[in-house]
Amino acid sequence: MRVLVTGGAGFIGSNLVHALLGSHEVGVIDDLSTGHAENLHPAAWNRTMDILDELLPAALAEFAPDAVVHLAAQSSVPRSIVDPVRDWAVNVDGTSRVAAAAAAAGARRVISASSAAVYGEPAEIPLKEGSPTVPVNPYGSSKLAAETALAEQLSARGVDFASFRFSNVYGPRQDSHGEGGVVAVFCSELAADRVPVIHGSGEQTRDFIYVADVVAAIISALEFDGRLADGVPSGSAYNISTGDEVSINGLANAMRQVAGFYAPYESGTERAGDVMRSSLDPGKAYETFGWHSVVPLDAGLGPTFRWFARS
Ligand SMILES: NC(=O)c1ccc[n+]([C@@H]2O[C@H](COP(=O)([O-])OP(=O)(O)OC[C@H]3O[C@@H](n4cnc5c(N)ncnc54)[C@H](O)[C@@H]3O)[C@@H](O)[C@H]2O)c1
């Protein structure tokens, strides 16, 4: 299969590209705004380009993908608050353009990265795809609108599609910025022998998922021989998560074991736009294309910390 990955020089994208290359032809479009040139794989077709560039359709037509995995995004909650206009342009207009270009280039399936941020403060735990979506920051709003934009572009064109609502992804190659950044921040601080800061009480919870599990979910969905689009107008959303709810204090404890650092962490002020609780039910992904996460937090933190300690 020929798979085009937007955002393939980023954290999740580069892990995906490396995993795909064994058995698929892979193309990457990335403007390197937060991604890194050293993440690009020489065996892939690589194009440095903004997804808002008017030459995007020509680039997709040139690569002629069977499927597109759209990961390129303004992926930081704090930056979305500082510059909501750019956040909306990249995440909503960008998704619309990628979807349209994918359809025009003959792709049969598009999988687009959405986020737990679409739910905002949860009405129930664990969150299901049908739970209320009330984003509490511009990033969550743009990711929600991007799901609709994807459906609007593709449902009438016979292209299968899905929006994957990732929970907090962590693992090697993550930058210490971005919404899943707390594991990366703790790892980079501990690797540099600095004391990490816990913002707020530390009782806020997250559903941490290891990047290899996310990569496996995307590959399972790419290879699935049924239909992912579920006919709900703004739907076709899937939680890609563990379903576990771990507090930041719990994460800090797990990190202590991994890094061998047992002193108390510092306390900092609460961050704007943070929700108090998050845990996403991944049952729909399992029922539809048979994927579930397999890497427990303790097992994922080890290689993640070692990657930060080495680089
Ligand atoms: N990391 C997480 O915990 C998490 C959680 C939920 C959703 N997501 C979503 O998953 C996707 C991948 O996230 P990530 O953590 O790998 O982020 P990342 O910032 O590492 O990767 C995003 C990539 O997109 C590229 N990019 C950004 N704007 C672009 C543009 N206009 N044109 C072309 N390329 C552009 C960047 O250079 C980068 O390589 C994003 O859509 C993000 O919103 C991530």
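Scoring SER114 on the criteria (1) over 21 Å from ARG206 (Cα atoms); (2) within 10 Å of the ligand (Cβ to nearest atom); (3) not β-branched (Val, Ile, Thr) leaves a single failure, condition (1). For residues in region 69-89 being more than 15 Å from the chain's Cα centre (by Cα) and hydrophobic (A, V, I, L, M, F, W, C), which is surrounded by the most Cβ atoms within 10 Å (Cβ to Cβ)? Looking at the filtered set, the residue picked out is TRP88.
Need pairs with beta-carbon distance below 6 Å; first residue open to solvent by 30 Å² or more (accessible area, probe 1.4 Å) and within region 1-23, second away from the ligand (no atom under 11 Å from the Cβ) and charged (D, E, K, R); sequence gap 6+ or separate chains. Qualifying pairs under 6 Å: MET1/ASP66; ARG2/GLU25; ARG2/ASP66. For region 199-235, filtered to residues that are open to solvent by less than 20 Å² (accessible area, probe 1.4 Å) and β-branched (Val, Ile, Thr), the residue that is farthest from ALA285 (Cα to Cα) is THR205. Within region 122-158, being part of a loop (DSSP other than H, G, I, E, B), in contact (Cβ under 8 Å) with a residue 60 or more places away in the chain and closer than 24 Å to VAL98 by Cα holds for GLU129, ASN137.
Once region 137-191 is narrowed to residues that are surrounded by fewer than 21 Cβ atoms within 10 Å (Cβ to Cβ) and hydroxyl-bearing (Ser, Thr, Tyr), the residue that is farthest from HIS36 (Cα to Cα) is SER155. If you go through region 100-121 and keep only what is among the basic types (Lys, Arg) and not in a loop (DSSP other than H, G, I, E, B), you end up with just ARG109. Does region 236-248 contain at least one residue that is open to solvent by 30 Å² or more (accessible area, probe 1.4 Å), more than 28 Å from PHE308 (Cα to Cα) and in the same structural domain as VAL134 (by TED's automatic domain parsing)? No, region 236-248 contains no residue that is open to solvent by 30 Å² or more (accessible area, probe 1.4 Å), more than 28 Å from PHE308 (Cα to Cα) and in the same structural domain as VAL134 (by TED's automatic domain parsing). Of all residue pairs spaced 6 or more apart or on separate chains, those with beta-carbon atoms under 8 Å, a first member in region 70-89 that is touching a residue at least 24 places away in the same chain (Cβ under 8 Å) and acidic (Asp, Glu) and a second member that is within 8 Å of the ligand (Cβ to nearest atom) and outside any helix (DSSP H, G or I) are ASP87/GLN74. Out of the residues in region 32-44 meeting the condition of being under 20 Å from GLY94 (Cβ atoms) and either open to solvent by 60 Å² or more (accessible area, probe 1.4 Å) or not hydroxyl-bearing (Ser, Thr, Tyr) (or both), tell me which one is nearest to the chain's Cα centre (by Cα). Top of the filtered list is GLY35.
The values are calculated or read from the model by the stated rules, or taken from the named source; none is laboratory data. The structure displayed is predicted, hence computed values, not measured ones. Here Cβ is always computed from backbone atoms with ideal geometry, including for glycine, and neighbour counts include all displayed protein chains. The protein model used for the area step is the full one, side chains on, heavy atoms only, and it has no ligands, DNA or RNA in it. Shrake-Rupley method; radii C 1.70, N 1.55, O 1.52, S 1.80 Å.
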